[in-house]
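First up is the structure itself, then whatever we jot down about it.
The numbers here are math on the coordinates, done by the rules we state, and not lab data. These numbers were taken from a predicted model, which means no experiment stands behind them. Quick reminder, even Gly has a Cβ in these numbers, built from the backbone with ideal geometry, and neighbours come from all protein chains shown.
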Amino acid sequence: MAGTDGVRADVPELILASGSETRVKMLADAGVRFKSIKPAVDEDAIKAALLADGASPRDIADALADMKARSVSFMHPGALILGSDQVISKDGVLFSKASTREDAKKTLMALAGGTHELVSAAVIYQGGEAVWRALDSVKLTMRTLSDAFIDSYLDDIGDAALWSAGAYQLEGQGAQLFTRVDGDFFTVLGLPLLPVLDYLRRREVLPL
């Protein structure tokens, strides 16, 4: 039965467990009805503990997405809670989000002139239990960058350099950094969107 807003009453609410403006925009642009809640998760501490245990980048991305979704699920047991995270690695080194412009410049200098892997994970919880998960990876080859170009690029994008682990925005001027991208565009932005949409259709959150 549909409610006054045209949404069936038995269809679970979707909540994005994230404060990421990029993920919010991705879902909204895809026509998904949802609300977002920033999870209370200490990502740096969790990542450090997993690295100390020898976890792979894929395991780290999945674990962080899982913990985000689980933390919000306990407060909203009837809803579908979508958690997501991405991890970037190159030559065995993991890169986290930069906290300052100088950190962002160091990240770009380290990634320039080589190929790195970006892994995006998504986990959906309901009633405090994981009901679905997906993982996807992309290989990105970044061209050699001069100091002057990096400074100019960071001037142009401002705080957006602090939004993602690689300090780049592929959907904008970040496209100028690369010579090759092997994999899904949405995964680079931080969410394996197409598998998420497929699951939401199966749960009738989206029309078939």
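Observations on the model:
- Inter-label distance for D151 and A49, nm, one decimal - labels placed 7 Å from Cα along Cα-to-Cβ: 4.2 nm
- Kirkwood-based shape ratio for the stretch 14-202, expressed as Rg/Rh from alpha carbons: 0.97
- Phi angles across the stretch 37-50 convert, under the Karplus curve 6.51 cos²θ - 1.76 cosθ + 1.60 with θ = phi - 60°, into 3J(HN,Hα) values of 9, 6, x, 8, 10, 8, 4, 5, 5, 5, 4, 4, 5, 5 Hz, Gly and Pro given as x.
- With contacts taken as Cα pairs under 8 Å and at least 6 residues apart, the stretch 14-202 reaches a relative contact order of 22 percent.
- In order through the stretch 131-138: 3J(HN,Hα) via Karplus (6.51 cos²θ - 1.76 cosθ + 1.60), integer Hz, x for Gly, Pro: 10, 6, 8, 8, 9, 9, 10, 9
- Taking amide hydrogens as placed 1.01 Å from N in the peptide plane, the amide H of A79 sits under 5 Å from those of G127, each at least 5 positions away in sequence or on another chain.
- Equivalent ellipsoid of the stretch 5-89: semi-axes from √(5λ) of the C-alpha gyration tensor, largest first, are 27, 14, 10 Å.
- Trypsin sites (Lys or Arg not before Pro) within the stretch 139-203, DSSP loop, no more than 13 other Cβ atoms inside 10 Å: R143
- Of the cross-linked pairs K25/K97; K35/K139; K25/K105, those separated by over 24 Å at the C-alpha level are K35/K139; K25/K105.
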